[in-house]
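Before any comments, here is the structure.
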Amino acid sequence: MGSADEAEAEQTARELLNSEPNIDAIFALSAVATLGAFRALRDEQNSKVLLVGCDQQYDLLYYLSLGKIDSIVAENTYEMGELGMKIVIAKKRGENPSQVIKVKPVLITLENMSAPEFVPILIHDWRPMP
Amino acid sequence: MTRIRRIRRWIILSSAVLGGLVMLSIALWQALRTGLPYHDSFSVGRTTEWESYDGTWSVAGGAARNDSDDRGAKFMTGSPNWRDYSVEADVELLGHSGDAGLVIRATDEEQGIDSYRGYYAGLRVPDGTLTIGRANYGWAEYQNSVMPGGIKPFRWYHVKVVAYGCTVAASAVNPDTGESAIAALEEDLNSCSRTGRIGLRSFMTGGVWKNVHVVPAAEADLLQMAGTHDISHSRLVPLTLQQVLDGCKRALKSQLDRPSVPRVPAHTEPIRNLLVAAEMKTSPTSIRGAVILAKPALYVEDSTGGVSIPQANDAPLKVGDEVEVTGIVKQNEFSATMVNATVRLLWAGTASPPLAITVSQAATGAFDARFVELEAFLDTVEETVDKSLILSLHDREQRFRAILKGSSENQRTSSLTEGSRLRVRGVCVASPEYTNHLSPFVVLLRSMGDLQRVAGPPWWSKRNIIAIVSGIVFFSLLACMFYIRAEQWRLRAILQERQRLAHELHDTLAQSFAGIGFQLRAIAKRMPRDLHALHEQLEVASQLVAQGHQEARRSISTLRPGGLDSIELLPALAHTAQAMVAGGPVTVDVMAKGSSWQIPLKVADVLYRVGVEAIANAVRHAQATRIGVVAEYKAQELILTVEDNGIGFVREEVSEGFGLLGMTKRVESVGGAICIKSVPGAGTSVQIAVSLPRPFMSGWPSYRKYDRAAMS
């Protein structure tokens, strides 16, 4: 599920939980959708369905640290921006840059969220790595 | 023009230019300096000096207000040259999330969350702090000072920010309790922003600002505010993960516990379904969505469609708020309306971006009650009696109107010039209540910020073309004037050179001739009388010398126009003729016919020279006793006649000795015609006709006036 509206995401998640009681996990494709699904699971008091979310939003991290969200797919947004600018510059120089560039996301769980290589991504610390 | 007059004119011209430059620099200096102290004019509803970046900015009750939960809505004013100053204002937050405060020393502002360079100090509700940091197309937070008693929405706080050198300090005071908080930062001398504008800014909440006051600040002001306070020097050090989680814990404590989305009603419909369901249902239906317009009517949108709620209960709603609406659905042509509706605020949210569509798409009705963005050309702007602003726009053949309803603070901004291309954001409405069947749809605007100028009107407007044509005409006239003036200077230089030559001839050649003649006569006197052959030769030589002397004198008199340094035709001719016939039996009559007017210098020169030649011929060859010179001024031409009562000549018999060919050439060079009539024994008449347009401007620079009284 990937709605951009929290209420809508919540409703979708709730309908899903009601119609498919045997699902194992919900994968939400945006921070808003994750939050909606989280609210639905919480209100249904459903603790057996795992929630895998997207985006390193602070409140999602908090729920992750509490163990209420299973994991979060986090992206290095700084790298995305930097690569995007490089494409623009390459175009300006008349080069023909690649149209699709894949940036490797990371799966953040309760266990690895304090790992030094992931913390900068989670707290948006874009200083150069020491 | 004499030299003195020319110098005087130069002095006047250069002092005017110098004066203009001085005035310009004073104005520039004033522009850099002025504006401080500054006080807002929100109490009289004036916001012309403010510029909005995101948000729905309006003025009501003497305060500026942003009724949206935009992420980073800004309202900017002031000069980018303001350096050391303080800004203060009363700030009220309109939501439980986010923050609101003041921007100082801002430059390069654009739409976007942290899209500016400068400093920001704001009150944050969730963690109850006064926060200070620097935005540089990114956000670096320096310090969060906890406000005792927390920050509560719908309550006024007094916020003051001082920037001096590379230190920025902020204080917030709760006027009811006297509680206060101070936050401050200091930056490297190399990297700090030293000048910039001020702004009101809110992040994920609405806000109200009033009594915005800016004054120049000194170091003492900074010390007074943050003298003993611990100033943050750390740059760009983000919070640690633990701090983030702790912050979230504080912020979400209440939210975690709140039964945020009530379970009843259990089911809500997607808004698109209302159109289908309306026919069958009379029982209340519920929907959820985000507020896209709160005034003049409530419009709510989800990802499937939009709905209007005309008689909503008076909940204080902001654009972006997530709401749940329960009511009876009524079907319109393109969208649904919910009547007898109850609106419940779920939580504050972020305004969703508009759907970018074309005017033709909007005209189909498919986007009725949706939040849209479209581009069109502005035709007219009118303000109605209730101070609403109505814009008529078009794109290709499609016409529509954009309406900004009834707050008295609407200002017609300078960007609204007719013919410009605007980007219009607002709610697309096809209901006849607004369209009056005049256009297929109207766009209801939320604030002036929803109008953005994409391009100005095309340059080929009627006014511009008239201006350009008049400019070209003016400069051509100017160029003409300068050309004529230059020609005049050139002719004058020629005349002066001729006069110099005449002086030279007089002083050298003529004197020498006189000397040689004198010597010849002396030789003749002292020579024995019996040398007849030698005497005869001496006599011939004396005659030749006398003839040469005569020729030289004649040349001098033609080179020097009557001893005058200006060309006034008839007086000059009369003067020269009198000199030629002086001591002889010939009489010269000079007269003018018609009212005289100024003639170009070049023409006057030619007429003078040809006239003198004709008079000289009459004197030397015609044995005349009377010479008449007549200048006849007609409407479009000037005729100069020189006639005598001499012996006349037969045209074929005379060669170029009379200079007839030269005369003809000269007259032709100014576009004139010459007619020479001569009957042997009955005199000669030389008539020169030059056609001339009458001058249409008095004082035209190439003409000189001469009055008839000067002629004799």
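A few comments on the model shown:
- Figure legend. Inter-residue proximity from segment B:195-218: first residues touching a residue at least 60 places away in the same chain (Cβ under 8 Å) and within 18 Å of B:Arg46 (Cα to Cα), second residues of a type in the set (Ser, Thr, Tyr) and part of a strand (DSSP E or B), beta-carbon distance below 6 Å, spacing 6+ or different chains. Indicated pairs: B:Val214/B:Tyr38; B:Val214/B:Tyr85.
- Number of positions in segment B:209-218 that are open to solvent by 10 Å² or more (accessible area, probe 1.4 Å) and within 13 Å of B:Arg65 (Cα to Cα): 2
- Flag if A:Asn76 is open to solvent by less than 40 Å² (accessible area, probe 1.4 Å) and touching a helix residue (DSSP H, G or I) at 6+ places or on another chain (Cβ under 7 Å): yes
- Criterion (open to solvent by 30 Å² or more (accessible area, probe 1.4 Å) and at pLDDT below 80) met by exactly one of B:Pro316, B:Pro296: B:Pro316
Residue-by-condition table, conditions (1) assigned by TED's automatic domain parsing to the domain that holds B:Lys593; (2) part of a loop (DSSP other than H, G, I, E, B); (3) modelled with pLDDT under 85; (4) closer than 30 Å to B:Arg485 by Cβ:
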site	(1), (2), (3), (4)
B:Ile615	yes, no, no, no
B:Glu632	yes, no, no, yes
B:Thr641	yes, no, no, no
B:Val650	yes, yes, yes, no
B:Val667	yes, no, no, yes
B:Lys705	yes, yes, yes, yes
B:Ala709	yes, no, yes, yes
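- From B:Ser25, B:Ser41, residue being under 21 Å from the mean Cα position of the chain (by Cα) and on the phi < 0 side of the Ramachandran plot: B:Ser25
- With respect to the stated conditions, A:Ala37 is within 13 Å of another protein chain (Cβ to nearest Cβ), within 14 Å of the chain's Cα centre (by Cα), surrounded by 18 or more Cβ atoms within 10 Å (Cβ to Cβ) and more than 16 Å from B:Leu241 (Cβ to Cβ).
- Lone qualifier among A:Pro97, A:Pro120 - being over 20 Å from A:Asp70 (Cβ atoms), within 14 Å of chain B (Cβ to nearest Cβ) and not hydrophobic (A, V, I, L, M, F, W, C): A:Pro120
- Residue selected from segment B:136-165 under the condition small (Gly, Ala, Ser) and within 14 Å of chain A (Cβ to nearest Cβ), by the criterion most open to solvent (accessible area, probe 1.4 Å): B:Gly138
- Counting residues in segment B:589-596 that are more than 60 Å from the chain's Cα centre (by Cα) and at negative phi gives one or more.
- Any hit, segment B:228-236, residues being modelled with pLDDT under 85, closer than 26 Å to A:Lys68 by Cα and either open to solvent by less than 20 Å² (accessible area, probe 1.4 Å) or within 14 Å of chain A (Cβ to nearest Cβ) (or both): no
- Screening A:Leu29 on (1) open to solvent by 60 Å² or more (accessible area, probe 1.4 Å); (2) hydrophobic (A, V, I, L, M, F, W, C); (3) modelled with pLDDT under 85 shows it passes everything except condition (3).
- Within segment B:422-451, the residues that satisfy the criterion of being assigned to a strand (DSSP E or B) and modelled with pLDDT of 90 or more are B:Leu422, B:Arg423, B:Val424, B:Arg425, B:Gly426, B:Val427, B:Cys428, B:Val429, B:Val442, B:Val443, B:Leu444.
- Applying the set (1) under 15 Å from the mean Cα position of the chain (by Cα); (2) within 14 Å of another protein chain (Cβ to nearest Cβ) to A:Asp70 leaves exactly one unmet item: (2).
- Single condition B:Tyr483 does not satisfy, out of (1) in a loop (DSSP other than H, G, I, E, B); (2) within 27 Å of B:Trp597 (Cβ to Cβ): (1)
- Residue ID - farthest from B:Ile309 (Cα to Cα), chosen from residues in segment B:372-395 that are open to solvent by less than 10 Å² (accessible area, probe 1.4 Å) and of a type outside the set (S, T, N, Q): B:Leu378
- A count restricted to segment B:323-334 and to residues that are open to solvent by less than 10 Å² (accessible area, probe 1.4 Å) and either at pLDDT below 85 or within 14 Å of chain A (Cβ to nearest Cβ) (or both) stands at 3.
- Only one of the numbered conditions (1) open to solvent by less than 10 Å² (accessible area, probe 1.4 Å); (2) within 14 Å of another protein chain (Cβ to nearest Cβ) is violated by B:Ser352, and that is (1).
- On inspection, B:Ile472 passes the criterion of being more than 30 Å from B:Trp50 (Cβ to Cβ) and either at pLDDT 85 or above or open to solvent by 50 Å² or more (accessible area, probe 1.4 Å) (or both).
- Check on A:Glu8, out of contact with any helix residue (DSSP H, G or I) (no Cβ under 8 Å at 6 or more places or on another chain), within 11 Å of chain B (Cβ to nearest Cβ) and over 26 Å from A:Asn112 (Cα atoms): no
- The set of residues in segment B:41-87 that are open to solvent by 20 Å² or more (accessible area, probe 1.4 Å) and of a type in the set (A, V, I, L, M) comprises B:Val44, B:Ala60.
- Exclusive hit being closer than 21 Å to A:Leu50 by Cα, of a type in the set (Asp, Glu) and assigned to a loop (DSSP other than H, G, I, E, B), set A:Glu95, A:Glu117, A:Glu111: A:Glu111
The values are calculated or read from the model by the stated rules, or taken from the named source; none is laboratory data. None of the values given here were measured: they were computed from a predicted structure. With ideal geometry, Cβ positions are generated from the backbone for all residues, glycine too; neighbour counts draw on all protein chains shown. Ligands, DNA and RNA are stripped out before the accessible areas are found, and what is left, the full protein with its side chains, is counted by its heavy atoms. Shrake-Rupley method; radii C 1.70, N 1.55, O 1.52, S 1.80 Å.
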